[in-house]
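In what follows, a structure is listed as structure tokens, so that the remarks can point back to it.
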Ligand SMILES: Nc1ncnc2c1ncn2[C@@H]1O[C@H](COP(=O)(O)OP(=O)(O)OP(=O)(O)O)[C@@H](O)[C@H]1O
Ligand SMILES: [Mg+2]
């Protein structure tokens with residue numbers, strides 16, 4: 001990574017639910033991008049359960065995000081470690097989660113800024129499960145945010161919650177007026193007494209307080225464009241889950257969601273994780289590896305799949 005790279009994209013992989021395949025997708029995206037001659041960095045931003053190094057087949061790194069957060073003399077570049085893939089570097093997550101699972105606000109800002117300043121074509125953030133503020137903030141600094149879902153009601157429910165929480169947090173961070181912030185906070189609770197059910201209701205309500213702010217928020221709503229990847233698909237019916245989610249997000253949240261593609265439930269996937277080698281690493285042409293390449297292509301080119 002000798003020369004300075006101008007164009008860079010930050011990609012966040014989240015999803016709300018645990019164990020759905022976030023780290024599997026993040027590690028394979030990293031490998032695919034690196035193999036296409038893009039100097040890339042994978043960041044294990046799962047502050048409570050870092051395991052991305054294992055997905056890549058490297059031993060627990062001796063330097064991690066904890067060192068960066070706890071030692072002010074270190075730069076983020078100082079905790080980069082090599083991976084078996086030439087163009088792919090890793091920033092390993094914190095092992096002692098008590099240390100940085102709840103970083104101070106100033107530490108978090110320093111971390112987010114340093115991630116944005118990394119010299120790479122692509123920076124991929126592997127997020128933890130849940131919708132903690134830290135996780136949402138990692139998701140929101142990304143140029144492209146991806147949610148991994150599986151065709152199970154619990155996963156879908158968590159993904160909606162994730163999208164809604166991320167959207168309201170984004171709107172709240174954009175507004176400086178205390179009154180507007182209060183309204184957004186109230187709107188996040190399902191049974192608010194303001195009669196706000198959807199983000200569009202919220203913006204209508206805010207228009208009565210401040211027209212300019214409501215226009216700013218409306219613009220942010222239109223630009224908020226999460227991507228979804230459906231993992232562990234078993235039947236043709238399962239694929240509909242992705243399209244159904246897309247439609248519901250349009251209807252209830254007023255946002256466009258791109259459905260990047262799906263990956264089947266595949267014996268070779270868990271075997272690859274057991275072997276600690278990303279499935280896309282060594283010219284694997286299984287269905288899953290091909291699906292992952294299509295998903296990467298759609299992500300980079302702002303494309304999506306459509307119902308047949
Ligand atoms: N397409 C698939 N086919 C078969 N098994 C899969 C598939 N995707 C994921 N898995 C299984 O799910 C497990 C969990 O995947 P992964 O660790 O990527 O999830 P995660 O969302 O990152 O979990 P966490 O929230 O704990 O970080 C894998 O170890 C693998 O065995
Ligand atoms: Mg994970």
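Do you know which of the residues in the range 286-308 that are closer than 24 Å to residue 268 by Cβ and outside any helix (DSSP H, G or I) is modelled with the lowest pLDDT? The residue in question is 286. Being under 18 Å from the mean Cα position of the chain (by Cα) and assigned by TED's automatic domain parsing to the domain that holds residue 279 is true of residue 127. Determine, yes or no, whether residue 32 is in contact with a helix residue (DSSP H, G or I) (Cβ under 8 Å, 6 or more places away or on another chain), within 23 Å of residue 274 (Cβ to Cβ) and more than 12 Å from ligand 1 (Cβ to nearest atom). Judged against the criteria, residue 32 is a match. Within the range 247-302, being without any contact (Cβ under 8 Å) to a residue 40 or more places away in the chain, within 16 Å of ligand 2 (Cβ to nearest atom) and surrounded by fewer than 16 Cβ atoms within 10 Å (Cβ to Cβ) holds for 270, 274. If you scan the range 124-151, which residues turn out to be under 16 Å from residue 44 (Cβ atoms) and near ligand 1 (Cβ under 10 Å from one of its atoms)? Residues satisfying the conditions are 126, 127, 128, 129, 130, 148.
Tell me which residues, restricted to the range 251-266, are modelled with pLDDT of 95 or more and either away from ligand 1 (no atom under 16 Å from the Cβ) or assigned to a helix (DSSP H, G or I) (or both). Write out each step before concluding.
Within the range 251-266, the first condition is being modelled with pLDDT of 95 or more, and the residues that meet it are 255-266.
255, 256, 257, 258, 259 - these are the residues of the range 251-266 that are modelled with pLDDT of 95 or more and either away from ligand 1 (no atom under 16 Å from the Cβ) or assigned to a helix (DSSP H, G or I) (or both).
Consider the range 1-19. How many of its residues are modelled with pLDDT of 95 or more and more than 9 Å from ligand 2 (Cβ to nearest atom)? Of the residues in the range 1-19, 5 are modelled with pLDDT of 95 or more and more than 9 Å from ligand 2 (Cβ to nearest atom).
Tell me, which residue of the range 230-246 that is assigned to a helix (DSSP H, G or I) and farther than 30 Å from residue 203 by Cα is nearest to ligand 2 (Cβ to nearest atom)?
Taking the range 230-246 and keeping what is assigned to a helix (DSSP H, G or I), we get 236-246.
Adding the requirement that they be farther than 30 Å from residue 203 by Cα leaves 236-240.
Details: 236: 28, 237: 27, 238: 22, 239: 23, 240: 26 Å.
Filtering first and then ranking leaves 238.
Taking residue 241 as the residue in question, decide whether it is surrounded by 15 or more Cβ atoms within 10 Å (Cβ to Cβ), assigned by TED's automatic domain parsing to the domain that holds residue 137 and at pLDDT 95 or above. Break it down into steps so the answer makes sense when it comes.
Details: surrounded by 15 or more Cβ atoms within 10 Å (Cβ to Cβ): yes; assigned by TED's automatic domain parsing to the domain that holds residue 137: yes; at pLDDT 95 or above: yes.
For residue 241, the condition - surrounded by 15 or more Cβ atoms within 10 Å (Cβ to Cβ), assigned by TED's automatic domain parsing to the domain that holds residue 137 and at pLDDT 95 or above - is met.
The values are calculated or read from the model by the stated rules, or taken from the named source; none is laboratory data. Keep in mind that this is a model prediction, so the values were computed, not measured. Every residue, glycine among them, receives a Cβ derived from its backbone with ideal geometry; neighbour counts consider all protein chains shown.
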